[in-house]
Every structure is written in C-alpha cells, then in structure tokens.
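What follows is calculated from the coordinates using simple rules that are stated; it is not laboratory data. It should be emphasised that the depicted structure is a prediction, and the values quoted were computed from it without experimental measurement. Cβ sites come from the backbone with ideal geometry, for glycine too, and all protein chains shown count toward neighbours.
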Amino acid sequence: MTEAIALHIDGMTCTSCAEHVKQALENMPGVRSANVSYPEGRAEIEADAGVKVELLVAAVTALGYRALICDPPGKPRGQLGQAQASLGAGAKRSGGEHTLHIAVIGSGGAAMAGALKAVEQGAKVTLIERGTIGGTCVNVGCVPSKIMIRAAHIAHLRRESPFDEGIASITPAIDRSKLLAQQQARVEELRHAKYESILNGHPAIAVLRGEARFKDDHHLVVRLSGGGERVVAFDRCLIAVGGRPATAPIPGLKDTPYWTSTEALECPAIPKRLAVIGSSAVAVELAQAFARLGAKVTLLARSTLFSREDPAIGHAVTAAFRAEGIEVLEHTQASHVDHADGEFMLATNRGELRADALLVATGRVPNTYDLNLEAAGVETNAQGAIVVDHHLRTSCPHIYAAGDCTDLPQFVYVAAAAGTRAAINMTGGDAALDLTTLPTVVFTDPQVATVGLSEAEAHLKGIETDSRTLTLDNVPRALANFDTRGFIKLVAEAGSGRLIGVLAVAPEAGEIIQTAALAIRARMTVQELADQLFPYLTMVEGLKLAAQTFSKDVAQLSCCAG
C-alpha cells in the first residue's frame, strides 16, 4: 500500500537543485518515486505507507534546502498539513517566492567576495562582523605591509644603489610618525572605498555588528556589540572569519611586550635593535623593511629561510640579506625570553641575544575556536582550520567556508576566489576552486615568486622532471639594471617537456610569475615558451631565456636572439 506525500521546498535555484533533491528522496527507504519541480518549488512523492515524513524533510534539509509538508493534490488538509508548525522547516514566502537567505560571518576578502556574488545571484545576505570591517588584508596585512615595504625600499635606494658612483647617495632621515600616518590614511581610504561604502550601498546586505556562534546548523546566535543577543536564521552560511598571528610556545614570551605583525606595522618608532623569530614570508618581509628603515635586525630561523621551498630560494634570500647587513641565524631557536628595562633577552642555542623589540612571525591560526562549530556539524583539522572540498563545502552541506579560517593556502586572492565560488555554489551553481596554477609572491628584495610544482613536489607525485636554472647575469634587463641577484628556474616534465613549475628569485619576480602561470595553464612545453616573442629589455624575458637553456647555451646567443 502506498501514499502520496507532497513537500514544498524553498531554496532551489535551478533544475540541477531539483535533480539533487529527487535523488536524495528516492534514496530514502520506502520511497518509490519522487517528482521534483524547481519552478513550483514542490516535490510529489510516492512512498510506502508508514514512511516517516520527518525523515524525508530531514533528507531535503541535509542538502541545504528547507521543506514544508503540504497536502498532495486533491487531498484535504489533514495530519500532514497540521504537522507543518511542529516541523517549522520552511522560510516564509513573499509574493509566492522565497529569497534565499545567506549568513556571512566576517567582512574580509572572502566574506566580501561571497556576499557580493550572493546578492548578484539574487540572495539576501546578513553579514556579521565583530571587529573592524575589512578583515586582515586591508587593515593589518597586505596593504599596510606593502606600503611599509615600499617606503623602506625607497629609503634603501637613497642610501645605496648600483649607481652610487654617478648619483650621490644620502643618509635619509626617517620620520616614522609621518610614514605611519601616510600608511594608515591609505588603509582607511581603501577600507572605506572597497568595504564600508560598498556595504552601505547594498540594500540586499544587512550588516550586523557582533560576535557570532552557531546554535545549530540553521541558526546563529550573535552577541551584539551594543549589548544583547540576536538569533539569525539562515538557508546557507559562509564562514569567513580569517585568522590571527600564531603565538610561539617559548617560555617567558607571553609575559613580554613582543610584537606580532599587527603591532609591528603600527609601531610608532623604529627600534635600534630588532630580533625577528620566523623564516617565512611575513618574517622576512618585515625583517628587511625594518632593516632598511634603520633597525639592526637579527633573524632567527629554526631551520633555514623558506625551508619548505626549493633550497635555492633560501640560499639566495639569505645571501641578499647578509649583503645588506641583516644577521640571519640559521638553525637557531629561542628557549626562553625575558624583558626588563625596555630590553629583550633571548636565550638561544647560539647564546644570548639582546634587542629593543621582538617580532614573532611564526604563522597564523584560524579564528574558529569560539564559533561553536560542533553545534552545526562543521569539522576542523588538528590546527582548527575548517576542512572544505573543492566547492568550498564543509562537512555540513549547506555551510561553506573560505579564506584563512580554512585549510586552503592563506592568500587574499585565494580567499576572494573561494568566497565568490562558494556564493555561486550556495545559490545553486557549480564552481570549483582550482589551485593547480596558484602563483605566490614574497615581497622581499629580491622578490620570491613561485607557481606550479617544485622538483620535490613533482617527484612525490611520481613525475620525472627535467629542470634548468638561469642566473640573472644572463638576463639583459638585469645587466642594464646592474642588479643580477637571483635566478629563474623552470621545472618540466621529463619526456614531454611540458612546463609544470617555475620559481624565481629576482627583482620584480612578482611581475614575472603570472606569465609563467599562464604558460603552465596552457600546458605549454619549454620549447613553445622559448619560441614566444618577449619584449626586450624586460625581466620577464628571463622566462624565454630560461626555456632556451633546455636546448641552447644562452651565453652564446646575441641580444634578442629568437
């Protein structure tokens, strides 16, 4: 004996959604068939007598949609219809249509990209922010750090350049207070232009100031900044709460006024002596910037600089730093930190180190621990980062995550791309995040840029490689600049010659690497890259010359040799 069951379904945005609901329902025990209509927002189900309707509603809800029990055609309102109130699974409809409601937690790159794409797709958004609008990048990350690095570069060139014999060098006077004011003014300008004013101008985005935590997989409790709490119900949710600087587990450190990158970028004065603990991007970028602005810098690396990258990168950057007077202490760890009378004392395996300021830049941790993710069934890894798939879904299918709070690479352009794709998927689309040709840049001088696979990464994947390294004294632009620090290395698949990886340590390496990324994306061989026309004199011509080394001795070529 069978019975007809009808469900009204909110949240479907296309026929693909309807097909997903149909498959889920027909996979339920006792369901013989299901016809699902996206335009009508309705499912007509034929099931064995006694099938629990609550289980069918739960199957739809697990996909991220909302279901209301309704009477099938021709059947008077009875027990099924009366059960609507107790199940309470549906959002109210206006004018016969339900507008998908998405809660976005955070307001940084991932959150903003996701919110804007979601409203573009027809959803309404509640964006929840507990702190400063804009997140890490514009406020305390990319923007202020690159401003400081650029100012330091200008100071360095006034003090020292390859043209000092013909252009008299000077010792620049550093007014940190004015540099900081200039830096923060640009931060505020960009935050207002790219975040605050956009949010203020979007009627489909409601901004809620407060701290969010999950009540369950469809509700957030927000502790409002102005006092009190509010419960926010959602159809979908995007978690984009970012991360914060990690704290190194060094005895005594927490009792000292040490800096993270945040305090370093906002410091009112340049210290005479700065110790930096760390060996990756943030540590090396800020170490060089402070050195060029007048600090005596000592950099402590637990292993070597960029120890997770091709060893040639660390060797080249270490040599450049030491040439500038930055002390790089490799294989050095602090075992204890003290602070007294305005001075830091670091006990290390290389002896005692004293400094006026201490910067700890040993990575970042996700801001996930106070979200009550367990209540929503959202899983994290051992580091507290939210685990997502290529479609940015978490372990709860209607909750998505993007940015530094996830297990994805921590770059703002990855965060923004992830936020956009998450919004497409939350509103019924199908967009995956492909990181196979992810370009990265470290803004030291010379810069470090990579894309694709290193030799070691390729070998782990079982790919045999053929590689070449071109030193910059073979690049005409570098010779014309009288600055030949660094190299360009190409990694190709053995046999096919297909380009699979590029790394560069060079001035303006960041301007080179996107061309390499496009070449890898196009599955070009090194010979095809060598045959391309590159403008002379440019640094990117180094890619062509590096590709030519697979078949020629470029030292024996004339300028512009094709």
Problem set entry | the stretch 228-342: relative contact order as a whole-number percent, Cα under 8 Å and 6+ apart | 27 percent
For this session: Taking H placed 1.01 Å from N in the peptide plane, check which residues at least 5 places from R273 or on another chain put their amide H under 5 Å from its amide H.
Result: K296, D356, A357
Exercise. HN-Hα J couplings of the stretch 40-45 from phi, Karplus 6.51/-1.76/1.60, θ = phi - 60°, integer Hz, Gly and Pro as x?
Worked result: 8, x, 9, 10, 9, 10
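May I ask for the Rg/Rh ratio of the stretch 411-526, computed from Cα atoms with Rh as the Kirkwood radius, given to two decimals?
Details: Rg = 16.4 Å, Rh = 15.5 Å.
Answer for the stretch 411-526: 1.06.
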For this session: With an 8 Å cut-off on Cα pairs and a minimum separation of 6 or more residues, tell me the relative contact order of the chain in percent.
Result: 12 percent
Exercise. Extension gain R32-V231, at 0.36 nm per residue separation less the Cα-Cα distance, in nm?
Worked result: 67.8 nm
Exercise. Within the stretch 430-469, which GluC sites (Glu not before Pro) sit in a loop by DSSP and count at most 12 neighbouring Cβ atoms inside 10 Å?
Worked result: E464
Exercise. Net charge near M524, counting Lys/Arg +1 and Asp/Glu -1 over other residues with Cβ under 12 Å of its Cβ?
Worked result: +1
Exercise. When the Karplus curve 6.51 cos²θ - 1.76 cosθ + 1.60 is applied with θ = phi - 60°, which whole-Hz ³J(HN,Hα) does each residue of the stretch 50-58 get, with x for Gly and Pro?
Worked result: x, 4, 6, 5, 4, 5, 5, 4, 5
Exercise. If you take the charge dipole of the stretch 440-556 about its Cα centre, with +1 on Lys and Arg Cβ and -1 on Asp and Glu Cβ, which of T440, V475, T538 is farthest toward its positive end?
Worked result: T440
Problem set entry | Dipole magnitude (debye, nearest 20) for the stretch 150-252, charges at Cβ of Lys, Arg, Asp, Glu | 200 debye
Problem set entry | Pairwise centroid distance, computed over Cα atoms, of the stretch 9-61 with the stretch 122-159, Å | 46 Å
Exercise. Could you give me the ³J(HN,Hα) list for the stretch 376-393, computed from phi with Karplus coefficients 6.51, -1.76, 1.60 and θ = phi - 60°, whole Hz, x at Gly and Pro?
Worked result: 9, x, 9, 8, 10, 8, 5, 8, x, 7, 6, 7, 10, 8, 5, 9, 6, 6
Seminar exercise, completed: Within the stretch 253-362, the percent of DSSP beta bridges that are antiparallel, given to the nearest 5, stands at 45 percent
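What does the charge count around I105 come to, taking other residues whose C-beta lies under 10 Å from its C-beta (Lys +1, Arg +1, Asp -1, Glu -1)? Write out the running numbers ahead of the final one.
Working: positive: R130, R213; negative: E129, E211.
Every neighbour counted, the sum reads 0.
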For this session: Tell me the chymotrypsin sites (Phe, Trp or Tyr not before Pro) within the stretch 363-471 that lie in a loop according to DSSP and have at most 16 other beta-carbon atoms within 10 Å.
Result: Y369
Exercise. What percentages, rounded to whole numbers, describe P(r) for the stretch 257-317 computed over all alpha carbon pairs with 10 Å bin width beginning at zero?
Worked result: 22, 53, 22, 3
Exercise. The stretch 278-306 to the stretch 321-348: how many Å between their Cα centroids?
Worked result: 11 Å
Seminar exercise, completed: Percent antiparallel among DSSP beta bridges confined to the chain, rounded to 5, stands at 70 percent
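What length, rounded to one decimal in nm, is gained on full extension from E120 through to D175, with 0.36 nm per residue of separation minus their alpha-carbon distance?
Working: separation 55, 0.36 × 55 = 19.80 nm, distance 4.52 nm.
Once the chain is fully extended between E120 and D175, it gains 15.3 nm.
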Seminar exercise, completed: Any residue on another chain or 5+ positions along whose placed amide H is under 5 Å from the amide H of L238 is listed here as A103, V104, I105, Y400
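Provide the gained length on full extension for the span Y413 to D356, in nm with one decimal, where the gain is 0.36 nm per separating residue minus the Cα-Cα distance.
Details: separation 57, 0.36 × 57 = 20.52 nm, distance 3.50 nm.
Here the answer is 17.0 nm.
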Problem set entry | Rel. contact order, % - alpha carbon contacts under 8 angstrom, at least six apart, the stretch 440-556 | 29 percent
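Under unit Cβ charges (Lys, Arg +1; Asp, Glu -1), what dipole magnitude, rounded to 20 debye, does the chain have relative to its Cα centre?
840 debye
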For this session: Could you pull the Cα extents of the stretch 329-372 along its three principal axes, largest to smallest, in whole Å?
Result: 43, 28, 14
Exercise. Reachable lysines from K146, Cα under 17 Å, same-chain residues fewer than 8 places away excluded?
Worked result: K178
Exercise. What are the trypsin sites (Lys or Arg not before Pro) within the stretch 497-562 that DSSP puts in a loop, where the Cβ has at most 15 other Cβ atoms within 10 Å?
Worked result: R523, K552
Exercise. To the nearest Å, what is the center-to-center distance of the stretch 349-410 and the stretch 438-481, using C-alpha atoms only?
Worked result: 28 Å
Exercise. Around V365, which amide H atoms from residues at least 5 apart in sequence, or from another chain, sit under 5 Å from its own amide H, with H modelled in the peptide plane?
Worked result: R244, A246
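At a Förster distance of 45 Å, what's the computed FRET efficiency of F482 paired with T247, Cβ-Cβ distance as r, to 0.05?
On the way: r = 43 Å, r/R0 = 0.95.
It comes out at approximately 0.55.
Less than 10 Å Cβ to Cβ from E160, Lys/Arg counted +1 and Asp/Glu -1: what total charge do the surrounding residues give? Mind showing how you got there, number by number?
Values: positive: R158, R159, R292; negative: D164, E324.
My count for the surroundings of E160 gives +1.
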